[in-house]
Amino acid sequence: MARRITPESDIYDSERLGYQRSSSHKPDLIFPAETAADVREAVAHAAAHDLPVAVQATGHGLARAAEGGVLITTGRLNAVHVNPQTRTAHIEAGAPWSTVIEAAAVHGLAPLSGSAPAVGAASYTLGGGIGLMARTYGYAADHVRAVDVVTADGESHVATPDHDADLYWAMLGGRGAIGIATSLEIDLVPVTTLYGGALLFDTFDAVHAWREWLAHVPEEMTSSVAVIPFPDGRRRTQVRIAYLGEDGDSLIAPLRRHQPLTDTVKDIPYTATATIHNDPTEPAAYQSSHTLLRELPAEAVEVARNQTTNVVEIRHLGGALSRPVRPNAIGNRDAHFLYGIVTRGPEVPPVHEKTAEALEEWSTGGHALNFLYAAHATPEAVRTAFDPETYQRLRALKATYDPADLFRHTHVIEGP
């Protein structure tokens with residue numbers, strides 16, 4: 001019988017709290033899963049007592065906090081097995097990218113991980129996964145061969161493009177609304193090193209320099225630019241680089257001519273890629289919103305110039321992100337940029353809405369599911385993460401696999 005944790009337990013808070021602290025799950029009962037059987041037992045208990053279910057690995061992408069019900073934590077369900085012959089990895093639901101990266105590197109391989117290795121690999125992948133090699137290889141979800149899923153009836157399925165194909169399609173993009181993934185089989189790529197790091201500038205105009213430079217970069221270059229407030233009250237611009245091609249020095253020479261304060265871009269092992277973005281690792285309360293853009297004119301860049309206390313990041317999309325490898329529910333592949341803003345604290349300041357309004361002229365009208373957190377992960381916003389036909393198919397599959405809406409503490413797919 002799976003272990004259970006109640007609010008009276010002295011480990012209740014440590015078990016329920018994740019990385020995102022703007023809101024937190026407050027379940028009536030926690031199942032700390034160590035096996036897929038534990039997940040099945042938790043789902044069966046919830047279904048028998050008509051209780052909603054939430055799932056949490058690391059808690060980075062918390063969408064909708066649970067008040068009551070059942071929380072399944074998967075941090076202990078974290079094994080990783082690499083098959084170097086097939087260039088695949090079998091990863092359990094709670095494994096962070098750091099574990100996958102280290103296991104793959106032994107064999108000269110790498111996963112399509114993101115900027116923060118502490119993030120849970122499975123949830124990141126189920127929501128799409130825009131990683132450090134995204135323009136070269138596409139979404140992490142495009143490279144999933146199989147998903148082990150527990151559905152709302154407590155049954156396990158091995159979903160692939162050829163078996164339980166509808167469930168496979170819905171899990172890759174629908175994240176946790178259709179079922180609970182207990183493990184994934186993912187592709188690995190033959191990458192041991194890349195040309196990566198960051199250029200830090202003492203001027204906002206470096207954002208414009210990056211924008212203009214993008215006109216000449218190949219798909220092997222995945223980059224972003226961030227405007228970051230520093231403790232001294234100044235804002236600095238950081239260009240993040242991850243390149244898989246040849247002669248990286250020549251490619252970024254136009255950026256270096258703008259005299260960066262610091263320059264860490266060089267050939268690095270894939271195991272050191274956390275140093276490119278240097279994302280925070282400590283839990284924090286924050287609010288994040290974003291706009292997907294068709295284009296990035298100079299006027300759109302200027303929207304961020306006077307946001308003195310917020311972090312603004314613009315990610316360059318396109319390339320392989322626009323070309324699906326396997327069938328899945330990922331939407332908005334026509335977007336060329338993701339323009340995000342992060343503010344500190346649990347409240348949502350007006351700057352989020354004002355930024356979206358200022359960018360509306362160039363917006364695709366869509367969103368990326370993995371970047372919809374907390375207060376911004378509304379059902380209306382989730383709907384825009386998919387094209388209308390995809391969303392209607394997801395609604396129909398939700399009605400088939402979870403008719404009682406057991407899995408509603410996630411990015412909500414509304415019933416038909």
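The values are calculated or read from the model by the stated rules, or taken from the named source; none is laboratory data. All values reported here derive from a predicted model rather than from experimental measurement. Positions of Cβ are backbone-derived with ideal geometry, glycine not excepted, and every protein chain shown enters the neighbour counts.
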Please count how many residues of the range 326-364 are touching a residue at least 60 places away in the same chain (Cβ under 8 Å), within 30 Å of Asp166 (Cβ to Cβ) and not aliphatic (A, V, I, L, M). 5
Of everything in the range 332-348, what is part of a loop (DSSP other than H, G, I, E, B), of a type outside the set (Val, Ile, Thr) and at pLDDT below 95? Give them in sequence order. Gly345, Pro346, Glu347
Could you check Ala48 against (1) buried (at least 19 other Cβ atoms within 10 Å of the Cβ); (2) free of Cβ contacts under 8 Å to residues at least 40 places away in the same chain and say which number it fails? (1)
Any idea how many residues of the range 213-232 are crowded, with 21+ Cβ neighbours inside 10 Å and at pLDDT below 95? 0
Taking the stated definitions as given, is Arg305 within 16 Å of the chain's Cα centre (by Cα), surrounded by fewer than 21 Cβ atoms within 10 Å (Cβ to Cβ) and either in a loop (DSSP other than H, G, I, E, B) or aromatic (Phe, Trp, Tyr) (or both)? no
Matching residues, the range 349-383, being small (Gly, Ala, Ser), in a helix (DSSP H, G or I), touching a Leu at 6+ places or on another chain (Cβ under 7 Å) and under 24 Å from Glu295 (Cα atoms): Ala381
Give all pairs with beta carbons closer than 6 Å in which a residue from the range 243-264 that is assigned by TED's automatic domain parsing to the domain that holds Ala206 and at negative phi meets a residue that is assigned to a helix (DSSP H, G or I) and surrounded by 12 or more Cβ atoms within 10 Å (Cβ to Cβ); count only pairs at least 6 apart in sequence or on separate chains. Leu244/Thr136; Pro254/Trp213; Leu255/Trp213; His258/Ala206; His258/Ala209
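Mind telling me which of the residues Thr275, Thr291, Thr281, Thr262 ends up being over 29 Å from Leu188 (Cα atoms), surrounded by fewer than 17 Cβ atoms within 10 Å (Cβ to Cβ) and polar (S, T, N, Q)? Give the steps one after another, and end with the answer.
On the way: Thr275 fails: over 29 Å from Leu188 (Cα atoms); Thr291 fails: surrounded by fewer than 17 Cβ atoms within 10 Å (Cβ to Cβ); Thr281 fails: over 29 Å from Leu188 (Cα atoms).
Of the residues listed, the single one that is over 29 Å from Leu188 (Cα atoms), surrounded by fewer than 17 Cβ atoms within 10 Å (Cβ to Cβ) and polar (S, T, N, Q) is Thr262.
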Could you list all residues from the range 163-192 that are surrounded by fewer than 16 Cβ atoms within 10 Å (Cβ to Cβ) and farther than 30 Å from Val53 by Cα? Pro190, Thr192
If you go through Leu112, Leu71, the only one that is under 23 Å from the mean Cα position of the chain (by Cα), in contact (Cβ under 8 Å) with a residue 12 or more places away in the chain and assigned to a loop (DSSP other than H, G, I, E, B) is Leu112
Suppose the filter is more than 21 Å from the chain's Cα centre (by Cα), buried (at least 18 other Cβ atoms within 10 Å of the Cβ), under 22 Å from His336 (Cβ atoms) and among the charged types (D, E, K, R); does Arg235 pass it? no
Which is over 18 Å from the mean Cα position of the chain (by Cα), not in a loop (DSSP other than H, G, I, E, B) and not small (Gly, Ala, Ser), of Leu292, Leu255, Leu296? Leu255
Pick from the range 84-103 the residues that are of a type in the set (A, V, I, L, M) and under 20 Å from the mean Cα position of the chain (by Cα): which of them is surrounded by the most Cβ atoms within 10 Å (Cβ to Cβ)? Ala93
When both residues are 6+ apart or on different chains and their Cβ atoms are under 6 Å apart, which pairs have a first residue that lies in the range 170-197 and is under 20 Å from Pro96 (Cβ atoms), and a second that is acidic (Asp, Glu)? Thr182/Asp148; Ser183/Glu92; Ser183/Asp148
Please go through the range 352-371 and pick out each residue that is aliphatic (A, V, I, L, M) and either at pLDDT below 95 or under 15 Å from His336 (Cβ atoms) (or both). Leu359, Ala368
